[in-house]
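**Student:** Here it is, the structure, as structure tokens.
What follows is calculated from the coordinates using simple rules that are stated; it is not laboratory data. None of these values were measured; they are calculated from a predicted model. Note that each Cβ is placed from the backbone with ideal geometry, even for glycine, and that neighbours are counted across all protein chains shown.
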């Protein structure tokens, strides 16, 4: 499965934010340069089985908002699962325009808006489900603002669903023989520089699992499910790692209800 490209989205601009946006401005050209390839992927795009099981029938007939929607393939999958509408939000104009073009060509009820979170620009109570993840939270400088905005967008009883890389993942070395922790990373560090394609040079925010859960609760959500999974959502082609052999967490999923 191809990795979703995600631009930095957060609060006030600073030097770090500028550097990160510049790195993603280069990386986001992929959406347009490989449009035909992504269109072929879009024809059969599906959510991962763990996502389908967790969401159950929550998608059917739902108005979905997808912050940090990237290439938009997950939006097409949500539409095929029965969503009434899917509204993708992304900072990158290249991501938004190419995703809209694909959705239009395939005749699926998806629309896209360029937006820098947490200022989505959408109406209060416009969604039944907020869906995000797969490399999204690491670009958020202000989790409180993000979950508060998600809460505002949801109708009473609506849900937020996050399927995301586990906060321990940045620590795993891609050693093929044994699980190792990178000496240059720390679980409690506030951020680190991405050193892999496509976001090389972008600054990733390091959120702990406890911090994510606490922030979600503080925003007014009731957590219904919280799970940790051994499978990564993305494996770079040509690589294998001992950290992917099922012994340590590589992803987590969170389903929470707006009270």
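**Student:** Given the DSSP H assignment, sum -39500 (n - 2.57) over each helix run of at least 4 residues in the chain and divide by its residue total; what's the result at 222 nm in deg cm²/dmol, nearest 500?
**Tutor:** Values: 8 runs with 76 residues, N = 259.
Mean residue ellipticity at 222 nm (helix-derived): -8500 deg cm²/dmol.
**Student:** Normalised by the number of residues in the chain, what is the relative contact order in percent for Cα pairs under 8 Å and 6+ residues apart? Each step should come with its number before you reach the end.
**Tutor:** Details: 529 pairs, mean separation 51.9, N = 259.
The value is 20 percent.
**Student:** Quick check on region 36-127: take the gyration tensor over C-alpha atoms, sort the square-rooted eigenvalues as a ≥ b ≥ c, and tell me if it's rounded (a/c under 1.5), prolate or oblate. Intermediate results must be reported in sequence, preceding the final value.
**Tutor:** On the way: a/c = 1.69, a/b = 1.06, b/c = 1.60.
The shape class here is oblate.
**Student:** Something else now. Once you have a ≥ b ≥ c as the square roots of the Cα gyration tensor eigenvalues for region 209-250, tell me rounded if a/c is under 1.5, and otherwise prolate or oblate according to whether a/b is larger than b/c. If you can, show how the numbers build up before the last one.
**Tutor:** Numbers: a/c = 3.50, a/b = 2.84, b/c = 1.23.
Prolate shape, in that a/c is at least 1.5 and a/b is the bigger ratio.
**Student:** Pop the C-beta distance of residue 60 and residue 177 into the FRET formula with R0 = 51 Å and round what comes out to the nearest 0.05. Intermediate results must be reported in sequence, preceding the final value.
**Tutor:** Values: r = 45 Å, r/R0 = 0.89.
Approximately 0.65, to the nearest 0.05.
**Student:** Can you sort 39, 78 so the residue with the fewest Cβ neighbours within 10 Å comes first?
**Tutor:** On the way: 39 14, 78 26.
In increasing order of surrounding Cβ atoms, one gets 39, 78.
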